[in-house]
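Peer 1: A single structure is presented below for examination.
The values are calculated or read from the model by the stated rules, or taken from the named source; none is laboratory data. Keep in mind it's a predicted model, so treat the numbers as computed, not measured. Virtual Cβ from ideal backbone geometry, glycine too; neighbours counted across all protein chains shown.
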Amino acid sequence: MAGASLGWLSAGFLVNFAALIFRTIRWRTLIGGAEPPRLYATFFATATGYMLSTVLPIRAGDVVRPALLARRSRVHFADALGTVLTERVLDLIAILGLFVWFCIAHWNDFPQARAVIRGGALGASALLAALFVFLLGLRFFRGGIRRVHAFIGRIVPHRFRDSWMRFFDAFAQTLTITERPAAFFIVTGCTALIWTCLTAQLWLVFVALGRAVAYDSTFLINAVSTVGLAIPTPGGVGGFHKVCQWLLETFYRFDVDDSVATAVLFHAVGTVPVVVTGIVLFAREGLRWRDVQEVAGKDQP
């Protein structure tokens, strides 16, 4: 780790910060409306939310982010939360698509992990197909799916039911973005740029360490390491590093020390810019941890 190039690592930090900006633009475009939230308010909520999701063992930022935006704009909490789900769907499509691309391109290249490549390609392709079928169904049979959603909402406490339906309507409404070419172009373009940044930051770590690893290796690492990040530990510590260690040893013949060092640098490049930006904005706005807990605990801040 001490021998890594600080210049290339700094480039990785900047690329990760750029992803935060593209996330802000995408979210603001998805929210849309006659009066979209101000850019700074959206950036503040985005940076603070991702900071909290990074340092806490659950994705609390996905709730706090729309709550913070609702306090600083005229956007309803449930409406903003619906667009967060849309973002998650877009990111899932992107990460699965990149993974399938990698598997097809390297179908016979890793005999020691052929089962992972082929099984992963089939599983990811099936999930992608299911996602597209669901989205098409929601786009063309929205009324029927909404009635199902309302039926399920009967188990939700009465005071939350309005928010439950607002959440669904906000998510479904984002699918009509295909009818607005300019907004659709911005959202898809930002999604492509976000995942370009998230893969490039990993490749820059390889460059900083002087390791000649193909760029598309980051498609595999991003997809499989998501499993490690899903393990509920603070900041993904432990699970993410173990998955990266296994990938680098199995696919790229790294030894234990090199793989662990690389995983630690992956994690640093992927989290430090988000955490520092979030903390700076958190302090600038004079927020306290108690304020965040109060925001996250209300359905209509």
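Peer 1: Given the conditions (1) closer than 30 Å to I221 by Cβ; (2) touching a Ser or Thr at 6+ places or on another chain (Cβ under 8 Å), which single one is not true for G82?
Peer 2: That leaves (1) as the condition not met.
Peer 1: Inside segment 96-116, can you point out the residues that are among the β-branched types (V, I, T) and surrounded by 19 or more Cβ atoms within 10 Å (Cβ to Cβ)?
Peer 2: V100
Peer 1: Oh, and also: For segment 228-269, enumerate the residues that are at pLDDT 90 or above and under 17 Å from the mean Cα position of the chain (by Cα).
Peer 2: Answer for segment 228-269, where residues must be at pLDDT 90 or above and under 17 Å from the mean Cα position of the chain (by Cα): F266, H267, A268, V269.
Peer 1: Given the criteria modelled with pLDDT of 90 or more and closer than 30 Å to T42 by Cβ, does T277 qualify?
Peer 2: It is true that T277 is modelled with pLDDT of 90 or more and closer than 30 Å to T42 by Cβ.
Peer 1: Moving to a separate point now. What are the residues in segment 123-171 that are closer than 20 Å to L81 by Cα and polar (S, T, N, Q), if any?
Peer 2: Hit for segment 123-171 is S163, nothing else.
Peer 1: To continue, here is another question. What's the number of the condition G210 fails, among (1) at pLDDT 90 or above; (2) surrounded by 15 or more Cβ atoms within 10 Å (Cβ to Cβ)?
Peer 2: (2)
Peer 1: When you go through (1) over 22 Å from the mean Cα position of the chain (by Cα); (2) assigned to a loop (DSSP other than H, G, I, E, B); (3) touching a residue at least 40 places away in the same chain (Cβ under 8 Å) one by one for Q112, which number turns out not to apply?
Peer 2: So the condition that Q112 fails would be (2).
Peer 1: One residue is enough: does segment 19-34 have a residue meeting the conditions under 22 Å from L265 (Cα atoms), at pLDDT below 90 and of a type in the set (A, V, I, L, M)?
Peer 2: Looking through segment 19-34, none of the residues is under 22 Å from L265 (Cα atoms), at pLDDT below 90 and of a type in the set (A, V, I, L, M).
Peer 1: So which residues in segment 75-109 are within 15 Å of T29 (Cβ to Cβ), in contact (Cβ under 8 Å) with a residue 60 or more places away in the chain and either touching a strand residue (DSSP E or B) at 6+ places or on another chain (Cβ under 9 Å) or hydrophobic (A, V, I, L, M, F, W, C) (or both)?
Peer 2: A80, L90
Peer 1: Now for a separate question. Out of all the residues in segment 68-82, is one or more charged (D, E, K, R) and assigned to a helix (DSSP H, G or I)? Show your work before the answer.
Peer 2: Going residue by residue through segment 68-82, those that are charged (D, E, K, R) are 71-72, 74, 79.
Applying the additional criterion that residues be assigned to a helix (DSSP H, G or I) yields 71, 79.
For segment 68-82, residues charged (D, E, K, R) and assigned to a helix (DSSP H, G or I): present.
Peer 1: Residues of segment 1-35 being under 16 Å from R65 (Cα atoms) and free of Cβ contacts under 8 Å to residues at least 40 places away in the same chain, which ones?
Peer 2: Answer for segment 1-35, where residues must be under 16 Å from R65 (Cα atoms) and free of Cβ contacts under 8 Å to residues at least 40 places away in the same chain: I21, T24, R28.
Peer 1: What number of residues within segment 1-18 satisfy the criterion of being surrounded by fewer than 22 Cβ atoms within 10 Å (Cβ to Cβ) and in contact with a Leu (Cβ under 6 Å, 6 or more places away or on another chain)?
Peer 2: Final tally of qualifying residues: 3.
Peer 1: Also, quick follow-up: Based on what the data block shows, is F151 part of a helix (DSSP H, G or I), closer than 28 Å to T46 by Cβ and at pLDDT below 95?
Peer 2: Against the criterion (part of a helix (DSSP H, G or I), closer than 28 Å to T46 by Cβ and at pLDDT below 95), F151 does not qualify.
Peer 1: Right, here's the next one. Run L175 past the list (1) over 18 Å from the mean Cα position of the chain (by Cα); (2) surrounded by fewer than 20 Cβ atoms within 10 Å (Cβ to Cβ); (3) of a type outside the set (D, E, K, R); (4) modelled with pLDDT of 80 or more and report the number of the one that doesn't hold.
Peer 2: The failed condition is (4).
Peer 1: May I ask you to verify whether T46 is farther than 30 Å from T250 by Cα, of a type in the set (S, T, N, Q) and in contact with a Leu (Cβ under 8 Å, 6 or more places away or on another chain)?
Peer 2: yes
Peer 1: Mind listing just one residue for me: the one in segment 261-285 that is of a type in the set (A, V, I, L, M, F, W, C) and under 19 Å from L69 (Cβ atoms) and, of those, surrounded by the most Cβ atoms within 10 Å (Cβ to Cβ)?
Peer 2: V274
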